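Have a look at this one.
The values are calculated or read from the model by the stated rules, or taken from the named source; none is laboratory data. None of these values were measured; they are calculated from a predicted model. Virtual Cβ from ideal backbone geometry, glycine too; neighbours counted across all protein chains shown. Side chains are part of the model used for accessible areas, which takes the heavy atoms of the whole protein and leaves out ligands, DNA and RNA. Shrake-Rupley method; radii C 1.70, N 1.55, O 1.52, S 1.80 Å.
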Amino acid sequence: VKSQTVHNSVTTPHKKRKKSPGGEDENDGNDDDETSKETRKSSLVLFYQYADPPFRQSQVRQLMTYLPEVAKARNLGGRVRVSNEGVNCTLSSLPLSAEGSASAAANLRHLALDLQSFSAVFKETDFKYIDGLPPDRHFKELKIMPVKELVYYGISEKDAPLSEGGVHLDAKDYHKMLARDDAVVIDVRNHYEALIGRFD
(Lines give C-alpha, C1' and ligand atoms only; values in the text may rest on other atoms or scores of the structure.)
Protein backbone atom coordinates (compact mmCIF):
# COMPACT_ATOMS: atom_id res chain seq x y z
CA VAL A 1 0.00 0.00 0.00
CA LYS A 2 1.52 3.32 -1.09
CA SER A 3 1.13 6.87 0.22
CA GLN A 4 -1.36 9.04 -1.65
CA THR A 5 -1.72 12.79 -2.13
CA VAL A 6 -5.10 14.27 -3.04
CA HIS A 7 -5.29 17.87 -4.27
CA ASN A 8 -8.56 19.44 -3.20
CA SER A 9 -10.70 22.06 -4.89
CA VAL A 10 -10.36 25.57 -3.52
CA THR A 11 -12.38 28.20 -5.32
CA THR A 12 -13.05 31.86 -4.60
CA PRO A 13 -16.61 33.09 -4.99
CA HIS A 14 -17.23 35.99 -7.36
CA LYS A 15 -20.40 37.94 -7.93
CA LYS A 16 -21.44 38.71 -11.49
CA ARG A 17 -20.59 42.32 -12.30
CA LYS A 18 -22.59 44.55 -14.59
CA LYS A 19 -20.97 45.66 -17.80
CA SER A 20 -20.92 49.33 -18.77
CA PRO A 21 -21.69 50.34 -22.37
CA GLY A 22 -17.92 50.56 -22.88
CA GLY A 23 -17.49 46.94 -21.76
CA GLU A 24 -15.92 47.79 -18.41
CA ASP A 25 -16.99 46.25 -15.09
CA GLU A 26 -19.23 48.34 -12.89
CA ASN A 27 -18.94 47.96 -9.13
CA ASP A 28 -22.38 47.91 -7.56
CA GLY A 29 -20.92 48.89 -4.18
CA ASN A 30 -21.04 45.41 -2.70
CA ASP A 31 -17.70 44.03 -1.61
CA ASP A 32 -17.02 40.41 -2.64
CA ASP A 33 -14.57 40.14 0.23
CA GLU A 34 -17.35 40.68 2.75
CA THR A 35 -19.36 37.83 1.22
CA SER A 36 -16.26 35.65 1.30
CA LYS A 37 -15.59 36.44 4.96
CA GLU A 38 -19.14 35.55 5.91
CA THR A 39 -19.41 32.28 4.01
CA ARG A 40 -15.90 30.95 3.43
CA LYS A 41 -15.03 29.70 6.89
CA SER A 42 -12.88 26.61 7.23
CA SER A 43 -13.21 23.89 9.85
CA LEU A 44 -10.75 21.47 11.40
CA VAL A 45 -11.17 18.03 12.94
CA LEU A 46 -8.62 16.01 14.88
CA PHE A 47 -9.14 12.40 15.88
CA TYR A 48 -7.57 9.01 16.19
CA GLN A 49 -9.17 5.61 16.45
CA TYR A 50 -7.51 2.35 17.39
CA ALA A 51 -9.15 -0.75 15.99
CA ASP A 52 -9.61 -3.72 18.32
CA PRO A 53 -9.26 -6.24 16.79
CA PRO A 54 -6.78 -4.61 14.39
CA PHE A 55 -7.82 -3.95 10.80
CA ARG A 56 -6.98 -6.76 8.40
CA GLN A 57 -4.62 -5.78 5.60
CA SER A 58 -7.53 -5.98 3.16
CA GLN A 59 -9.42 -3.42 5.29
CA VAL A 60 -6.39 -1.11 5.26
CA ARG A 61 -6.34 -1.28 1.44
CA GLN A 62 -10.08 -0.59 1.29
CA LEU A 63 -9.70 2.40 3.59
CA MET A 64 -6.81 3.74 1.50
CA THR A 65 -9.09 3.55 -1.54
CA TYR A 66 -12.15 4.95 0.25
CA LEU A 67 -10.52 8.01 1.84
CA PRO A 68 -9.52 9.80 -1.42
CA GLU A 69 -13.10 9.44 -2.66
CA VAL A 70 -14.44 10.98 0.53
CA ALA A 71 -11.80 13.72 0.40
CA LYS A 72 -12.89 14.83 -3.06
CA ALA A 73 -16.57 14.77 -2.13
CA ARG A 74 -16.02 16.73 1.12
CA ASN A 75 -13.13 18.97 -0.10
CA LEU A 76 -10.76 17.74 2.59
CA GLY A 77 -7.12 18.54 3.22
CA GLY A 78 -4.66 17.47 5.90
CA ARG A 79 -2.89 14.29 6.95
CA VAL A 80 -4.12 10.76 7.56
CA ARG A 81 -2.02 7.94 9.00
CA VAL A 82 -3.50 4.50 8.36
CA SER A 83 -2.33 1.20 9.82
CA ASN A 84 -3.65 -2.11 11.03
CA GLU A 85 -3.92 -0.37 14.41
CA GLY A 86 -6.44 2.18 13.07
CA VAL A 87 -6.23 5.80 11.87
CA ASN A 88 -4.82 9.12 13.07
CA CYS A 89 -6.16 12.22 11.32
CA THR A 90 -5.83 15.98 11.19
CA LEU A 91 -8.24 17.22 8.52
CA SER A 92 -9.75 20.47 7.34
CA SER A 93 -12.51 21.46 4.94
CA LEU A 94 -13.63 24.57 3.09
CA PRO A 95 -16.87 25.16 1.14
CA LEU A 96 -16.39 24.74 -2.60
CA SER A 97 -18.21 28.02 -3.24
CA ALA A 98 -20.00 30.77 -1.36
CA GLU A 99 -23.42 29.59 -2.46
CA GLY A 100 -25.03 26.22 -2.99
CA SER A 101 -22.51 24.01 -1.20
CA ALA A 102 -22.24 22.52 2.25
CA SER A 103 -20.36 24.42 4.92
CA ALA A 104 -16.95 23.25 6.09
CA ALA A 105 -18.49 22.27 9.44
CA ALA A 106 -21.14 20.17 7.68
CA ASN A 107 -18.50 18.53 5.45
CA LEU A 108 -16.56 17.30 8.48
CA ARG A 109 -19.68 16.02 10.24
CA HIS A 110 -20.53 14.12 7.06
CA LEU A 111 -16.98 12.72 7.10
CA ALA A 112 -17.68 11.22 10.52
CA LEU A 113 -20.80 9.54 9.14
CA ASP A 114 -18.83 8.33 6.10
CA LEU A 115 -16.28 6.65 8.36
CA GLN A 116 -18.97 5.14 10.57
CA SER A 117 -20.59 3.63 7.49
CA PHE A 118 -17.20 2.17 6.53
CA SER A 119 -16.62 0.55 9.93
CA ALA A 120 -18.55 0.46 13.21
CA VAL A 121 -15.27 1.08 15.08
CA PHE A 122 -15.59 4.79 14.18
CA LYS A 123 -18.79 5.03 16.22
CA GLU A 124 -16.47 5.09 19.24
CA THR A 125 -14.34 7.93 17.86
CA ASP A 126 -14.06 11.21 19.75
CA PHE A 127 -14.03 13.76 16.91
CA LYS A 128 -12.59 17.14 17.98
CA TYR A 129 -14.03 19.92 15.82
CA ILE A 130 -12.84 23.52 15.52
CA ASP A 131 -15.19 25.63 13.39
CA GLY A 132 -15.25 29.18 12.08
CA LEU A 133 -11.58 29.36 11.12
CA PRO A 134 -10.16 31.67 8.41
CA PRO A 135 -9.97 30.12 4.92
CA ASP A 136 -6.16 30.05 5.05
CA ARG A 137 -6.29 27.43 7.82
CA HIS A 138 -7.53 24.91 5.23
CA PHE A 139 -4.88 22.42 4.10
CA LYS A 140 -4.34 22.63 0.35
CA GLU A 141 -3.86 18.90 -0.09
CA LEU A 142 -4.54 15.61 1.64
CA LYS A 143 -1.74 13.16 2.39
CA ILE A 144 -2.76 9.58 3.20
CA MET A 145 0.13 7.57 4.59
CA PRO A 146 0.22 3.85 5.39
CA VAL A 147 2.29 3.27 8.53
CA LYS A 148 3.14 0.38 10.81
CA GLU A 149 2.28 2.33 13.98
CA LEU A 150 -0.11 5.26 14.38
CA VAL A 151 2.30 6.74 16.91
CA TYR A 152 5.82 5.37 16.67
CA TYR A 153 7.04 4.04 20.00
CA GLY A 154 9.32 1.23 18.89
CA ILE A 155 7.44 -1.10 21.24
CA SER A 156 5.71 -4.26 20.06
CA GLU A 157 2.03 -4.99 20.62
CA LYS A 158 3.11 -7.88 22.83
CA ASP A 159 5.00 -5.52 25.17
CA ALA A 160 2.26 -2.87 25.21
CA PRO A 161 -1.14 -4.44 24.42
CA LEU A 162 -3.92 -1.99 23.54
CA SER A 163 -6.31 -3.88 25.80
CA GLU A 164 -4.32 -2.70 28.82
CA GLY A 165 -4.47 1.03 28.13
CA GLY A 166 -4.98 3.80 30.68
CA VAL A 167 -8.15 5.52 31.84
CA HIS A 168 -9.56 8.21 29.53
CA LEU A 169 -10.04 11.58 31.29
CA ASP A 170 -12.44 14.33 30.25
CA ALA A 171 -11.19 17.93 30.33
CA LYS A 172 -12.37 18.57 33.90
CA ASP A 173 -10.70 15.47 35.34
CA TYR A 174 -7.57 16.10 33.26
CA HIS A 175 -7.10 19.53 34.84
CA LYS A 176 -7.64 18.03 38.29
CA MET A 177 -4.84 15.55 37.60
CA LEU A 178 -2.57 18.37 36.38
CA ALA A 179 -2.99 20.09 39.74
CA ARG A 180 -1.50 17.12 41.59
CA ASP A 181 2.10 17.49 42.77
CA ASP A 182 2.99 14.03 41.49
CA ALA A 183 1.46 14.49 38.03
CA VAL A 184 3.71 13.82 35.04
CA VAL A 185 2.58 14.71 31.50
CA ILE A 186 4.20 12.96 28.54
CA ASP A 187 3.38 14.80 25.30
CA VAL A 188 3.77 12.36 22.40
CA ARG A 189 2.74 14.77 19.65
CA ASN A 190 5.23 15.37 16.88
CA HIS A 191 6.36 18.91 15.94
CA TYR A 192 3.60 19.33 13.33
CA GLU A 193 0.87 18.20 15.71
CA ALA A 194 2.17 20.42 18.49
CA LEU A 195 2.00 23.48 16.24
CA ILE A 196 -1.67 23.02 15.31
CA GLY A 197 -2.99 21.31 18.45
CA ARG A 198 -3.71 22.63 21.90
CA PHE A 199 -4.95 21.55 25.30
CA ASP A 200 -8.23 23.19 26.38
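Do any strands (runs of 3 or more DSSP E) lying entirely in segment 80-198 carry at least 1 residues that are basic (K, R) and either surrounded by fewer than 10 Cβ atoms within 10 Å (Cβ to Cβ) or touching a residue at least 24 places away in the same chain (Cβ under 8 Å) (or both), and which ones are they? Outline the logic, then answer.
Values: elements: 86-93, 128-133, 141-146.
It comes to 128-133, 141-146.
Going by the conditions given, is P54 out of contact with any Pro (no Cβ under 7 Å at 6 or more places or on another chain) and open to solvent by 10 Å² or more (accessible area, probe 1.4 Å)? Quick ask: steps written out before the conclusion?
Details: out of contact with any Pro (no Cβ under 7 Å at 6 or more places or on another chain): yes; open to solvent by 10 Å² or more (accessible area, probe 1.4 Å): yes.
Yes.
Does at least one position in segment 111-126 carry a residue that is on the phi < 0 side of the Ramachandran plot, among the aromatic types (F, W, Y), within 21 Å of the chain's Cα centre (by Cα) and modelled with pLDDT of 95 or more?
Initial filter on segment 111-126 (on the phi < 0 side of the Ramachandran plot): 111-126.
Still in the running and among the aromatic types (F, W, Y): 118, 122.
Now restrict to residues that are within 21 Å of the chain's Cα centre (by Cα): 118, 122.
After this cut, where a residue has to be modelled with pLDDT of 95 or more as well, the list is 122.
Yes, the conditions are met somewhere in segment 111-126.
Can you name the condition, by its number, that M64 falls short on among (1) modelled with pLDDT of 95 or more; (2) out of contact with any Ser or Thr (no Cβ under 6 Å at 6 or more places or on another chain)?
All conditions are met except number (1).
Within the group A106, A71, which residue is modelled with pLDDT under 95 and farther than 25 Å from N190 by Cβ? It would help to see each step written out before you state the result.
Working: A71 fails: farther than 25 Å from N190 by Cβ.
Of A106, A71, the one residue that is modelled with pLDDT under 95 and farther than 25 Å from N190 by Cβ is A106.
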